[in-house]
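> Please see the structure below; I have some questions.
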Amino acid sequence: MTNEFMITILAIESSCDETSAAVCRDGEILSNVIVNQTIHEKYGGVVPELASRAHLQNILPVVKEALLKANCSLQSIDAFAFTQAPGLIGALLVGAQFAKSLSLAMDKPLIAVHHLQAHILSNLIPEEKPDFPFLCLTVSGGHTQIVLCEDFLKMKVIGQTLDDAAGEAFDKSAKILGLPYPGGPLIDKYSQEGDPNKFKFSEPQIDGLDFSFSGLKTGILYFIQDNKKKNENFIYENLNDICASIQQRIVAILLNKLKKASEQTGIKNICIAGGVSANSGLRASFNEMGLQCGWKTFIPPFEYCTDNAAMIAITAYYKYLAGNFAELSISPSARAEWND
Ligand code: KG4
Ligand code: ZN
């Protein structure tokens, strides 16, 4: 049931290898359907062409299910939203074209959403929301940023990675250990049984609030090669401890910079977001640091950490309130500047 004061939005996310659709009404998520594309596992990473094809196959059933779960008809939708950037261009095109077609057919506005802004605003889905201004550490497979959020759509990147993203650091380390893609969740799993202080990996010395992970990756590669020369079963015999040590180092790199950002800005409302914010070590250490530093900490529920359309829907809701609509001629973009 709808009335004229309610705003119901259907959102689509297709930037990488998850096809997702969500319905949100007045900022409340009614459904969030996510289909993971397993086809990429055997290639050790996402194959863009296969991702586009899988999105094409998945998108209609995923959208239908999102409407069904939300108990909404297409006629009750007030606006159609999609991820405009950044991401794999062929994958983005599928979601963009689908949302545009719906907008045209139903004669309802179109809303273009920046994927990284959406990761950050996933922190506004739970009932307890951060007050502005807040800082957000966004850690995903493609990005690592510290963002100063002054308002719903007013955000400034104050630190970012100079090379690999935190998710890549997890995934590339996992690959060196012979684990399948995406390795981040597996490193998390094996870490639970491991000793994080068993092996020492050095912390890169990078100025300011920026990050670098490529040196760590090379360090891990040499460390594994050297030890395998001495003992060919080294990985097998030490997997849990290696994973725990890698995870501890990545988490420390992230949180040391976040602490610095809080000290520099004086902001103590702090969020994390993105796929890597699902990491149990990061979540625990973040909360611990929050207690020590007097922060108010916010972490999105698990289902809103990795790619999902609920975060696109919540961002679109605030864009709707601001009257921030897109033209039907808009195209997606693989890379994108911050668009507020
Ligand atoms: O946000 P996301 O789903 O996609 C991008 O926008 O990139 O993030 C995916 C990344 C992958 O690198 C994946 O390995 C990592 O998030 N990831 C994790 C965990 N769950 C997902 N990394 C560490 N621990 C996890 N539990
Ligand atoms: Zn993402």
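> Starting from the Cα of GLU41, step 7 Å along the direction of its Cβ; do the same at GLU65; then give the gap between the two resulting points in nm.
1.7 nm
> Let me ask something else. Cα gyration tensor of the chain, axes a ≥ b ≥ c as square roots of the eigenvalues: rounded (a/c below 1.5), prolate (a/b > b/c) or oblate?
Prolate is the answer for the chain, as a/c is 1.5 or above and a/b outweighs b/c.
> Apply the Karplus curve 6.51 cos²θ - 1.76 cosθ + 1.60, θ = phi - 60°, to the phi angles in the range 208-220 and return the couplings in whole Hz, x for Gly and Pro.
Residue by residue, the range 208-220 yields x, 9, 7, 10, 8, 10, 5, x, 4, 4, 5, x, 5 Hz.
> R0 = 22 Å: FRET efficiency of GLU237 with ALA284, Cβ-based, nearest 0.05?
Result of the calculation: an efficiency of 0.25.
> If I take every Cα pair under 8 Å that is 6 or more residues apart in the range 252-312, average their sequence separation and divide by the length, what percent do I get for the relative contact order?
Relative contact order for the range 252-312 comes out at 38 percent.
> Suppose a student asked you for the relative contact order of the chain, using Cα pairs under 8 Å spaced at least 6 residues apart; what percent would you report?
Once normalised by length, the contact order is 25 percent.
> In whole Hz, with x marking every Gly and Pro, tabulate ³J(HN,Hα) for the range 235-240 from phi via Karplus 6.51 cos²θ - 1.76 cosθ + 1.60, θ = phi - 60°.
Here the 3J(HN,Hα) series is 5, 4, 6, 10, 3, 4 Hz.
> Please compute the modelled spin-label separation between GLN160 and ASP226, points set 7 Å along Cα→Cβ, answer in nm with one decimal.
Label at ASP226, label at GLN160, 3.4 nm between them.
> Another question about this same structure. Mean separation of Cα pairs under 8 Å and 6+ residues apart, divided by the residue count of the range 83-152: what relative contact order is that in percent?
Relative contact order for the range 83-152 comes out at 23 percent.
> Within 13 Å, Cβ to Cβ, of ALA326, how many net charges do the neighbouring residues add up to if Lys/Arg are +1 and Asp/Glu are -1?
Cβ neighbours under 13 Å give a net charge of +2.
> In addition: With θ set to phi - 60°, apply the Karplus curve 6.51 cos²θ - 1.76 cosθ + 1.60 along the range 185-191 and write out the HN-Hα couplings as whole Hz, x wherever there is a Gly or Pro.
x, 6, 4, 4, 5, 5, 4
> Once you order the gyration tensor axes a ≥ b ≥ c over the Cα atoms, which shape class does the range 147-267 get: rounded for a/c under 1.5, otherwise prolate or oblate by comparing a/b with b/c?
prolate
> Under the rule of -39500 (n - 2.57) per DSSP H run of 4 or more residues, summed and divided by the residues of the chain, what mean residue ellipticity at 222 nm is obtained, to the nearest 500 deg cm²/dmol?
Working: 9 runs with 142 residues, N = 340.
Helices in the chain give a 222 nm mean residue ellipticity of -14000 deg cm²/dmol.
> Can you work out the accessible area per residue across the chain, with the rest of the protein chains kept in place, probe 1.4 Å, in square angstrom?
That works out to 45 Å² per residue.
> Follow-up. Please report the carbon-and-sulfur percent of the accessible area for the chain; probe 1.4 Å, protein heavy atoms only, DNA, RNA and ligands left out.
On the way: 7810 of 15320 Å².
Using a 1.4 Å probe with all protein chains present, the chain comes out at 51 percent carbon and sulfur.
> Sticking with this structure for a sec: Mind listing the long-range amide H neighbours of GLN37? Cut-off is under 5 Å, sequence gap 5 or more, other chains count too, H placed in the peptide plane at 1.01 Å from N.
When sequence neighbours closer than 5 places are left aside, the close amide H contacts are THR19.
> Which is the longest stretch in the chain that no exposed loop site breaks, taking sites as trypsin sites (Lys or Arg not before Pro) with a DSSP loop state and at most 11 other Cβ atoms within 10 Å? Working shown, then result.
Values: sites that count: LYS200, ARG335.
No qualifying site falls inside 1-199, the longest such stretch.
> Based on the alpha-carbon gyration tensor of the range 183-340 and its eigenvalue square roots a ≥ b ≥ c, which shape applies: rounded if a/c is under 1.5, prolate if not and a/b is larger than b/c, or oblate?
prolate
> Quick one: which of LYS198/LYS296; LYS156/LYS268; LYS228/LYS257; LYS198/LYS230; LYS129/LYS200 span more than 26 angstrom between C-alpha atoms? Can you show the working numbers first?
Details: LYS198/LYS296 32 Å; LYS156/LYS268 16 Å; LYS228/LYS257 33 Å; LYS198/LYS230 17 Å; LYS129/LYS200 37 Å.
Pairs exceeding the cut-off: LYS198/LYS296; LYS228/LYS257; LYS129/LYS200.
> For LEU30, which sequence-distant residues (separation of 5 or more, or a different chain) have an amide H within less than 5 Å of its own amide H, given hydrogens modelled in the peptide plane?
VAL23, CYS24, ARG25
> Now for a different question. Which residues' amide hydrogens lie under 5 Å from the amide hydrogen of PHE211, considering only partners 5 or more residues apart or on another chain, with H built in the peptide plane?
Residues meeting the criterion, in which the H sits 1.01 Å from N, are GLN160, THR161, LEU162.
The values are calculated or read from the model by the stated rules, or taken from the named source; none is laboratory data. As the structure is a prediction and not an experimental result, all values here were calculated from the model. We place every Cβ from the backbone using ideal geometry, glycine too, and count neighbours over all the protein chains shown. Side chains included, ligands, DNA and RNA excluded: accessible areas come from the protein's heavy atoms. Shrake-Rupley method; radii C 1.70, N 1.55, O 1.52, S 1.80 Å.
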